[in-house]
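K.L.:
Sharing a structure, written as structure tokens. Questions coming.
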Amino acid sequence: MIGLVSIGLLIVLSTIIDIVWTTLWVEGGAGFITDKLCKVTWFVMTKITGKNRKVLRLAGPLLLISTLLMWVVLLWFGWFLVFSASPQAIMNSANPQAISWQNVIYYSGYTLFTLGLGDYSPGGPYWQLLTAIASGTGMLFFTFGASYIIS
């Protein structure tokens, strides 16, 4: 249990640091994860296109979209690991039984994107706190993601 929670929170924390670094630090450039993604994407694009300038003009929008998508996937996966650490972490609201891993994926995304609880609820105070933090990371992502796009 502690292992999955630790790995999940490490992924979430690393992603949050990368988001803040990339969006707010003017002179710092991209965060460590975003920097790697951009370098790999640029390398692949130059190899595939043969440095065709017309095609490489698409790199900017592609990098922006892939960065935002990467942040979503990492946050979602990190919270999935956290909530899948215990069978009692998330319970079905209508029927108090543990849920499947597919439902944990749904719960993690639902909490991250909507800030609310629906069919499922946290299984205790520890999981309630982590759900609140997961909702906060969703708000953080959307706020910083929007500022990243607008800038």
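K.L.:
(1) out of contact with any strand residue (DSSP E or B) (no Cβ under 8 Å at 6 or more places or on another chain); (2) modelled with pLDDT under 90; (3) under 18 Å from Val5 (Cα atoms); (4) of a type in the set (A, V, I, L, M): which one isn't true of Ala94, the others all being true?
P.N.:
Every condition holds for Ala94 apart from (3).
K.L.:
Now for a separate question. Output yes when any residue across the range 40-60 is assigned to a loop (DSSP other than H, G, I, E, B) and surrounded by 13 or more Cβ atoms within 10 Å (Cβ to Cβ), and no when none is. Give the derivation first.
P.N.:
Filtering the range 40-60 for residues assigned to a loop (DSSP other than H, G, I, E, B) gives 50-52, 57-58.
Checking the rest, the ones that are also surrounded by 13 or more Cβ atoms within 10 Å (Cβ to Cβ) come to none.
Looking through the range 40-60, none of the residues is assigned to a loop (DSSP other than H, G, I, E, B) and surrounded by 13 or more Cβ atoms within 10 Å (Cβ to Cβ).
K.L.:
Also, quick follow-up: What do you reckon, is Gly138 assigned to a loop (DSSP other than H, G, I, E, B) and either closer than 30 Å to Pro61 by Cβ or among the small types (Gly, Ala, Ser) (or both)? If you could, list the steps in order and put the result at the bottom.
P.N.:
Details: assigned to a loop (DSSP other than H, G, I, E, B): no; either closer than 30 Å to Pro61 by Cβ or among the small types (Gly, Ala, Ser) (or both): yes.
The answer is no for Gly138.
K.L.:
Another question, then. Of the residues that make up the range 122-142, is at least one of a type in the set (Gly, Ala, Ser), modelled with pLDDT under 85 and within 14 Å of the chain's Cα centre (by Cα)?
P.N.:
No: zero hits.
K.L.:
So, one more: Hey, among Ile11, Ile19, Ile65, Ile33, which residue is of a type in the set (Val, Ile, Thr), assigned to a helix (DSSP H, G or I) and without any contact (Cβ under 8 Å) to a residue 12 or more places away in the chain?
P.N.:
Details: Ile11 fails: without any contact (Cβ under 8 Å) to a residue 12 or more places away in the chain; Ile19 fails: without any contact (Cβ under 8 Å) to a residue 12 or more places away in the chain; Ile33 fails: without any contact (Cβ under 8 Å) to a residue 12 or more places away in the chain.
On inspection, the qualifying residue turns out to be Ile65.
K.L.:
Let me ask another. Can you find a residue in the range 79-90 that is part of a strand (DSSP E or B), modelled with pLDDT of 85 or more and farther than 14 Å from Thr137 by Cα?
P.N.:
yes
K.L.:
For the range 42-62, does any single residue satisfy the condition of being at pLDDT 85 or above and under 30 Å from Leu4 (Cα atoms)?
P.N.:
The answer is no; no qualifying residue exists.
The values are calculated or read from the model by the stated rules, or taken from the named source; none is laboratory data. Because the structure is predicted, anything quoted here is derived from the model rather than measured. Using ideal geometry, Cβ is built from the backbone for each residue, glycine included, and neighbour counts are taken over all protein chains shown.
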